[in-house]
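Remarks on the structure that follows.
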Amino acid sequence: MLRRLLRTAAIGVALLVVGFALMYAMVWFAAIDKTPDKILSLATAQFFNALAAGGIYILVAVGYTMVYGIIELINFAHGDVVMVGAFVAYFISFKFLGYTGAIADPLLLLGVLAILFLITMPLLGLLGVGIERFAYRPLRNAPRLAPLITAIGVSFILNNFVQAVVTASPVPTPQLISLQSRFLVFGASIPWLYVVIFIVSLGLMAALQLFVGRTRLGRAMRSTAQDREAAQLMGVDINTTIAVTFFIGSALAGAAGIVYGLYYGQIQFTIGFFVGLKAFTAAVLGGIGNTVGAALGGLMIGFIEVSAVVVGLPRWSEALVFAVLIIVLVMRPSGLLGVSTAERA
Amino acid sequence: MTTGNGSEVMLRLDNVHAYYGRIQALKGITMEVGKQEIVTLLGSNGAGKTTTLKTVSGLLHPRSGKVTFEGRDISKVPAHKLVKAGIGHAPEGRRIFSRLSVLENLQMGAYTRNHSEMREDLDRVVTLFPRLQERLKQAGGTLSGGEQQMLAIGRALMSRPRLLLLDEPSLGLSPILVQQIFSIIKEINAQGTTILLVEQNALQALTVAHRGYVLQTGLVNLSDTAAGLAANEGVRKAYLGED
Ligand SMILES: Nc1ncnc2c1ncn2[C@@H]1O[C@H](COP(=O)(O)OP(=O)(O)OP(=O)(O)O)[C@@H](O)[C@H]1O
Ligand SMILES: [Mg+2]
């Protein structure tokens, strides 16, 4: 147990070091003034940018991958669940608690964040369970196309609902963690917010791994994903198991929604589409069905996106993301950590 | 009520009709299994043996007819509830969870039981199948075919079933392993578990079973004691490779 933990940590640190080196190379390549100090501080700043962006994609990508893993559905509505999560967080922090900006007192900040996560995540989890119950479960044995189209439909419903009932215009969200509170490293001044986002994302991932890997319900989820009938023969109620999967995936999407608002400071009913698309790409990149792969993919997307900015091609960020996806899929059709269909059987 | 064998009836199928969508697989199966018995289901490919087991374990519900287990109508009870009721099913093709470890596969078998009971059952299973003991940490999918079959049977035993359904447990095993599996089946039965056994290997099945049924295209064609079936000319021709 401890050895596995240490190994995982070592691999994670190694990955981050590689990411940092790549970022450094990219900054060096793009910079006109190639003073080592300047490059180091710029690379450090961009590295933390990538961690924060990647942290959000990780939280979303995991939901895609879990749902695909258990019912082989690409849940197109997942990005919009994130969007709803962002709005719920906005309502709680702004409308109910009355915050418009940063909270200076660290204890108070911690309390407010705790409230945000503890309310938003279960609420969004329930939304996910509801979507599964009413939109997907009735189609469980229908041909593949039916639930897929339904997922697109659910996506539109969530979109239109927020657009019509809440607002169609962009909404400024309270950035509870001040962007001015920063720390210095390698000459770069990094907002604590970025570190918080990455740590929240990592922490939730670790909790998920523990749950899926070590608990009875987690085992039931993995069994159901591999062989639904056999799982039933073990006494597993697959309806419950699938509902739990949706609950967890959507709760993580809720967390992503909170973090999105804190990071970008502005939300709109359309954000789900873009976040969803990139996170879905992350899930495919890492190997759909594999949660660790989704985390790896999410982090990579964050790095690619920031790299696009670094090399002066911010408008090409989507194209670059997909170019990398295509290259990876050509070499490994089932994604970086994916198992091929033959192995799955 | 008693079976032809004189023991108390545990499982009864009454004129069971079952379909896969529009395809009819069972056309009125009537049979019973007595407590403590080993009953075997014989029949050629596509006769409906697997389907019969599925209607018992709840993976498939009869469109008409009735399945009764220990006096209770279970025709419409979902599979996951029947495990707790006492029915274990080692399905056709083993269906072990290949990406779960051997231990996790066995833990899944004990899904409906509490933790303290599990320890005891685990001991019992690894005593029956010592090979599994050495491989508890290995992924299920990396076991050999024979080991996977042991795991499938062991996993079904982990729920402490009173009725164990075995679908072709000897398929694809070497002759020595086939012998082993059949002696284990006898042992499980001697420990008090009733067994409904589907087999291609009719000769072997009839040596361990008390009674048997022969299915043909979804109907019971013949039923007799194991000795009676083994002596039956039609059975010998069709399943024991004599002409
Ligand atoms: N999932 C399914 N969908 C449609 N038809 C099926 C399905 N499973 C079985 N059948 C049909 O039902 C009939 C009975 O099949 P079943 O699997 O019960 O046969 P079996 O006696 O177990 O054969 P085998 O010895 O080959 O395992 C066959 O005609 C088969 O084609
Ligand atoms: Mg069969």
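The values are calculated or read from the model by the stated rules, or taken from the named source; none is laboratory data. What you are looking at is a predicted structure, and each value in this text was computed from that prediction instead of being measured. No Cβ is skipped: glycine too gets one built from the backbone with ideal geometry, and neighbour counts run over all protein chains shown.
Each row is one residue, and each column tells you yes or no for (1) under 20 Å from A:GLN226 (Cα atoms); (2) at pLDDT below 95.
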{"residue": "B:ILE87", "(1), (2)": "no, no"}
{"residue": "B:PRO91", "(1), (2)": "yes, no"}
{"residue": "B:GLU120", "(1), (2)": "no, yes"}
{"residue": "B:LEU128", "(1), (2)": "no, yes"}
{"residue": "B:LEU177", "(1), (2)": "no, yes"}
Exercise. Taking strands (runs of 3 or more DSSP E) that fall entirely within the range B:178-243, which contain at least 1 residues that are small (Gly, Ala, Ser) and either surrounded by 16 or more Cβ atoms within 10 Å (Cβ to Cβ) or in contact (Cβ under 8 Å) with a residue 60 or more places away in the chain (or both)?
Worked result: B:211-216, B:219-225
For this session: Answer yes or no: is there a residue in the range A:26-42 that is of a type in the set (S, T, N, Q), modelled with pLDDT under 95 and part of a helix (DSSP H, G or I).
Result: yes
Exercise. Looking at B:ALA190, B:ALA205, B:ALA139, B:ALA110, which is the one that is of a type in the set (A, V, I, L, M, F, W, C) and under 20 Å from B:THR50 (Cβ atoms)?
Worked result: B:ALA205
Seminar exercise, completed: Out of (1) among the hydrophobic types (A, V, I, L, M, F, W, C); (2) exposed (fewer than 14 other Cβ atoms within 10 Å of the Cβ); (3) in contact (Cβ under 8 Å) with a residue 24 or more places away in the chain; (4) within 30 Å of A:PRO36 (Cβ to Cβ), the one A:ALA168 does not meet is (4)
Exercise. If you check B:GLU32, B:GLU104, B:GLU8, which single one turns out to be away from ligand 2 (no atom under 16 Å from the Cβ), among the acidic types (Asp, Glu) and not assigned by TED's automatic domain parsing to the domain that holds B:ALA209?
Worked result: B:GLU104
For this session: Name the residue, out of B:LEU197, B:LEU164, that is closer than 26 Å to B:GLN24 by Cα, of a type outside the set (Ser, Thr, Tyr) and within 16 Å of ligand 2 (Cβ to nearest atom).
Result: B:LEU197
Problem set entry | Top-ranked residue in the range B:1-41 [being within 16 Å of ligand 1 (Cβ to nearest atom) and under 14 Å from the mean Cα position of the chain (by Cα); ranked as nearest to the other protein chains (Cβ to nearest Cβ)] | B:LEU41
Exercise. Restricted to the range B:49-73, and to residues that are touching a Lys or Arg at 6+ places or on another chain (Cβ under 8 Å) and in a loop (DSSP other than H, G, I, E, B), which residue is farthest from ligand 1 (Cβ to nearest atom)?
Worked result: B:GLU70
Seminar exercise, completed: Selection over the range B:74-114 where residues are part of a helix (DSSP H, G or I), closer than 19 Å to B:GLY141 by Cα and at the interface with another protein chain (Cβ under 8 Å from one of its Cβ atoms) yields a count of 4
For this session: Determine whether A:TYR99 is modelled with pLDDT under 95, surrounded by fewer than 24 Cβ atoms within 10 Å (Cβ to Cβ), of a type outside the set (A, V, I, L, M) and within 20 Å of A:GLY293 (Cα to Cα).
Result: no
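So which of A:GLY335, A:GLY293 is out of contact with any strand residue (DSSP E or B) (no Cβ under 8 Å at 6 or more places or on another chain), within 16 Å of A:TYR64 (Cβ to Cβ) and within 14 Å of chain B (Cβ to nearest Cβ)?
Values: A:GLY335 fails: within 14 Å of chain B (Cβ to nearest Cβ).
The match here is A:GLY293.
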For this session: Would you kindly identify the helices (runs of 4 or more DSSP H) lying entirely within the range A:216-280 that contain at least 1 residues that are more than 14 Å from chain B (Cβ to nearest Cβ)?
Result: A:238-264
Exercise. Do any residues in the range B:160-174 that are on the phi < 0 side of the Ramachandran plot have Cβ atoms under 6 Å from those of residues that are at pLDDT below 90 and within 13 Å of ligand 1 (Cβ to nearest atom), where the two are at least six apart or on different chains, and which pairs are they?
Worked result: B:SER170/B:ASN201
For this session: Determine whether the range B:158-167 contains at least one residue that is within 16 Å of ligand 1 (Cβ to nearest atom), under 24 Å from B:LYS81 (Cα atoms), assigned to a helix (DSSP H, G or I) and within 14 Å of another protein chain (Cβ to nearest Cβ).
Result: no
Exercise. Only one of (1) within 14 Å of chain A (Cβ to nearest Cβ); (2) over 14 Å from the mean Cα position of the chain (by Cα); (3) within 16 Å of ligand 1 (Cβ to nearest atom); (4) under 19 Å from B:LEU166 (Cβ atoms) fails for B:SER44. Which number is that?
Worked result: (1)
Problem set entry | B:THR50 vs. criteria in contact (Cβ under 8 Å) with a residue 40 or more places away in the chain and crowded, with 23+ Cβ neighbours inside 10 Å | no
For this session: Can you work out which of the residues in the range A:200-215 that are in a helix (DSSP H, G or I) and without any contact (Cβ under 8 Å) to a residue 12 or more places away in the chain is nearest to A:ILE177 (Cα to Cα)?
Result: A:GLY203
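Take the range A:45-88 and flag every residue that is of a type outside the set (A, V, I, L, M, F, W, C) and assigned to a loop (DSSP other than H, G, I, E, B).
Selection gives A:GLU72, A:ASN75.
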Exercise. Hey, does the range B:117-136 have a residue that's closer than 30 Å to B:GLU8 by Cα, within 14 Å of chain A (Cβ to nearest Cβ), assigned to a strand (DSSP E or B) and hydrophobic (A, V, I, L, M, F, W, C)?
Worked result: no
